[in-house]
Amino acid sequence: MTEHENREKLWELIKDVRFAMISHQTETHEIHAQPMTMLNSERMDEDQNVYFILKDTNDIVQAVEAGRNQLGLAFSKPSDDIYVSISAHGEISTDRALIDKLWNPWAENWFDGKDDPSVRVLVAKAVSAEYWNVTDNKVTHLLKVLKGNITGKTEEPDSEHKRLDL
């Protein structure tokens, strides 16, 4: 697959998953993760970057601004057996036009409006990804598990697992 096709495949897997766990390195070199809401939409350059709004005091903002900008983004949609891990380089933006594009009613809960001086945008530029996508339907998957329990011979579900260089 070409890089463009890889990015399209990645977007197809995560576009309906609004929440991600974002991992970063702390100043004491520990790995810390926190949940964040992805703000991408079809009209943005989703094939290039993943966007999140955060406060300037957020640990991720502090890490990225201190040069610890390597991030891990984990997305999962267990109902569809989709799991995605993205390695990204983070950048922090205060671009008003970008904030306007991303702003939504949920952000109002965390800020005093989009002109709040503490609003920051995390721009996560994906560099590689890995995904697991079980392609068996739920009934087939269940039957394979039951068959394995009865016969003692496990049968792996049909699935797609790939690493993508972006």
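The values are calculated or read from the model by the stated rules, or taken from the named source; none is laboratory data. Predicted model only: the values in this text are computed from it and were never measured. Positions of Cβ are generated from backbone atoms using ideal geometry, with glycine treated the same way; all protein chains shown enter the neighbour counts. Please note that ligands, DNA and RNA were not included when accessible areas were found on the heavy atoms of the full protein model with its side chains. Shrake-Rupley method; radii C 1.70, N 1.55, O 1.52, S 1.80 Å.
Here are the numbers for the structure shown:
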{"read-out": "Options Gly72, Gly90, Gly67: the member that is on the phi > 0 side of the Ramachandran plot and at pLDDT 95 or above", "value": "Gly67"}
{"read-out": "Some residue of region 53-62 being part of a strand (DSSP E or B) and of a type in the set (D, E, K, R)", "value": "yes"}
{"read-out": "Unique residue being touching a helix residue (DSSP H, G or I) at 6+ places or on another chain (Cβ under 9 Å), of a type in the set (S, T, N, Q), modelled with pLDDT of 95 or more and open to solvent by 30 Å² or more (accessible area, probe 1.4 Å) when the list is Gln62, Gln25", "value": "Gln25"}
{"read-out": "All positions within region 63-79 that are assigned to a helix (DSSP H, G or I) and not acidic (Asp, Glu)", "value": "Ala63, Val64, Pro78, Ser79"}
{"read-out": "Test result for Asn104, among the polar types (S, T, N, Q), in contact (Cβ under 8 Å) with a residue 60 or more places away in the chain and surrounded by fewer than 16 Cβ atoms within 10 Å (Cβ to Cβ)", "value": "yes"}
{"read-out": "In region 28-51, residue surrounded by the fewest Cβ atoms within 10 Å (Cβ to Cβ) [restricted to those that are at pLDDT 95 or above and under 14 Å from Phe75 (Cα atoms)]", "value": "Pro35"}
{"read-out": "Scope region 107-133; condition open to solvent by less than 30 Å² (accessible area, probe 1.4 Å) and among the β-branched types (Val, Ile, Thr); matching residues", "value": "Val119, Val121, Val123"}
